[in-house]
Number of protein chains: 2
Amino acid sequence: MSNQHIASAFDRDLETIQARIMKMGGLVERAISDAARSLETRDEELAEEVRGRDKAIDILEEEINEEAARVIALRAPTAGDLRLVLSVIKISANLERIGDYAKNMAKRTSILAQMSPVNGSPAALRRMAREVEAMLKDVLDAYIQRDINLAHEVMQRDQDVDQMYNAIFREFLTFMMEDPRNITACMHLHFIAKNTERMGDHVTSIAEQVIYLVSGAMPDDPRPKGDQTSTNPSIAPTS
Amino acid sequence: MSNQHIASAFDRDLETIQARIMKMGGLVERAISDAARSLETRDEELAEEVRGRDKAIDILEEEINEEAARVIALRAPTAGDLRLVLSVIKISANLERIGDYAKNMAKRTSILAQMSPVNGSPAALRRMAREVEAMLKDVLDAYIQRDINLAHEVMQRDQDVDQMYNAIFREFLTFMMEDPRNITACMHLHFIAKNTERMGDHVTSIAEQVIYLVSGAMPDDPRPKGDQTSTNPSIAPTS
């Protein structure tokens, strides 16, 4: 009876934390979406909003950390329960980093708005951001449902993001070589592309946590690495 | 008597984990140093070694995570003791990321060795890497000594790294505009510079953990942000 009482108190605590994770996830999804849109439409006001809202994401991470520590101290969970609590610390840290990258994207919107547009790039970046946002939504669903298959699927999809990034990287090299006046804008756009690719890596880390949570082991398959710009010497544009 | 027994068992556990953290820190320092040297001297063999050694860093992180979970489950630490155990999880995650960036730097050495050298850049990057390596050494000392002043000092020094990065960024823009044949190499070198700047951010995160550990609160002062390329519109080179 007493054990059951303790167990359900733990479950309630856990639900509270998970609700915060979902709230945090929702804010981060919105930050990605709005940052990418502000970049594409050169909407400096929206970019400013994204920057301002990042504070709420940071505060949620702190609250989740404190709540997790409180639950560990109070309930002394072991085995799977402890794993559950420790995983929220990792997941919230990943969400916070993704939020940071979205904020950084929004910051650069203001600078890019002062430069000549680079042909089609913001649209390509937005497609990439949209894919990352969808992956984030799915990985949070996988977390709540403890759906290991969905988590594996999200990990696989990160390769698409990496391929989008590789294509954009090559495109930027071409633009810069064609016209040196594109160089500064392309450097900023490239930052954004790389940061979006990194967001995908953090979503993948969350997927790994879900797999760890359900199976008790980190995924066997080494994390697919799709950014080939660091290993492929033929990265120079073909045109 | 029993409490004391438990307390000293906890202390022994903690010492074991801290020893692993220091071992991990040593491997990461060496990775930064060797990666930067391989870049400067175009030593592909050394770069390959750095890449190969990253696995040991990843394994240490996993061991530290498992050990921390084991200690929490077994000793049920509370308050400051719990904070201590949770902090090693965060610190080892930061060390793992820094190791990843060093590995990435080493990867790019092989590509850059196939391109014409860009005047003086690897030396500037190595200076930046050396500063990050020194900061890492100091922050790990601050951690072991629970030295909050040293941790604050490390946080301040991250601004120097950010300034070095800003200078290198501007230099690369100049090189690319002067000669489009520099563009591909500069894009890779810029990656390395940005990743080194990010290593500094992760060292700063460790410093924040040390401050949290000693004082029970995260540092008040917002983390100094020195990468101005995301906010300063006058980032285009003056020459």
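Any read-out appearing in this document is the output of simple, stated calculations on the displayed coordinates, not a laboratory observation. Please read all numbers here as calculations on a predicted model, not as lab measurements. Cβ: placed from backbone, ideal geometry, glycine included. Neighbour counts: every protein chain shown.
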Would you check which residues across the range A:18-54 are polar (S, T, N, Q) and either touching a helix residue (DSSP H, G or I) at 6+ places or on another chain (Cβ under 8 Å) or closer than 15 Å to A:Ile206 by Cβ (or both) and list them?
A:Gln18, A:Ser33, A:Ser38
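In this structure, is A:Met105 part of a helix (DSSP H, G or I) and within 14 Å of another protein chain (Cβ to nearest Cβ)? Step through it out loud before you land on a result.
Values: part of a helix (DSSP H, G or I): yes; within 14 Å of another protein chain (Cβ to nearest Cβ): yes.
Judged against the criteria, A:Met105 is a match.
State the number of residues belonging to the range A:48-64 that are under 18 Å from A:Leu14 (Cα atoms), more than 8 Å from chain B (Cβ to nearest Cβ) and surrounded by fewer than 19 Cβ atoms within 10 Å (Cβ to Cβ).
The total comes to 1.
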Taking the range A:8-40 on its own, how many of its residues are closer than 20 Å to A:Ile91 by Cβ, free of Cβ contacts under 8 Å to residues at least 40 places away in the same chain and of a type outside the set (A, V, I, L, M, F, W, C)?
6
Could you count how many residues in the range A:65-84 are surrounded by 15 or more Cβ atoms within 10 Å (Cβ to Cβ), at the interface with chain B (Cβ under 9 Å from one of its Cβ atoms) and hydrophobic (A, V, I, L, M, F, W, C)?
6
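What about A:Ser110, is it within 14 Å of chain B (Cβ to nearest Cβ), part of a helix (DSSP H, G or I), closer than 30 Å to B:Ser87 by Cα and touching a residue at least 12 places away in the same chain (Cβ under 8 Å)?
Numbers: within 14 Å of chain B (Cβ to nearest Cβ): yes; part of a helix (DSSP H, G or I): yes; closer than 30 Å to B:Ser87 by Cα: no; touching a residue at least 12 places away in the same chain (Cβ under 8 Å): yes.
Judged against the criteria, A:Ser110 is not a match.
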Can you tell me which condition B:Ala129 does not meet? The list is (1) surrounded by fewer than 16 Cβ atoms within 10 Å (Cβ to Cβ); (2) assigned to a helix (DSSP H, G or I); (3) among the small types (Gly, Ala, Ser), and all the others hold.
(1)
Name the pairs: first residue in the range A:61-90 and among the hydroxyl-bearing types (Ser, Thr, Tyr), second residue assigned to a helix (DSSP H, G or I), Cβ to Cβ under 6 Å, at least 6 apart or on different chains?
A:Thr78/B:Ala73; A:Ser87/A:Gln209; A:Ser87/A:Leu213
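Please enumerate the residues belonging to the range B:136-195 that are away from chain A (no Cβ under 14 Å), basic (Lys, Arg) and in a helix (DSSP H, G or I). So that I can check it myself, show each step before the final result.
Initially, the range B:136-195 is screened for residues away from chain A (no Cβ under 14 Å), giving B:136-161, B:163-164, B:167.
After this cut, where a residue has to be basic (Lys, Arg) as well, the list is B:137, B:146, B:157.
Within the range B:136-195, B:Lys137, B:Arg157 qualify.
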Which count do you get for residues in the range B:114-126 that are surrounded by 16 or more Cβ atoms within 10 Å (Cβ to Cβ) and within 14 Å of chain A (Cβ to nearest Cβ)?
1
Can you confirm whether the range B:128-135 contains a residue that is within 13 Å of chain A (Cβ to nearest Cβ) and touching a residue at least 12 places away in the same chain (Cβ under 8 Å)?
no
Going through A:Ser33, A:Ser92 one at a time, which residue ends up being under 18 Å from the mean Cα position of the chain (by Cα), hydroxyl-bearing (Ser, Thr, Tyr), within 23 Å of A:Asp141 (Cβ to Cβ) and buried (at least 20 other Cβ atoms within 10 Å of the Cβ)?
A:Ser92
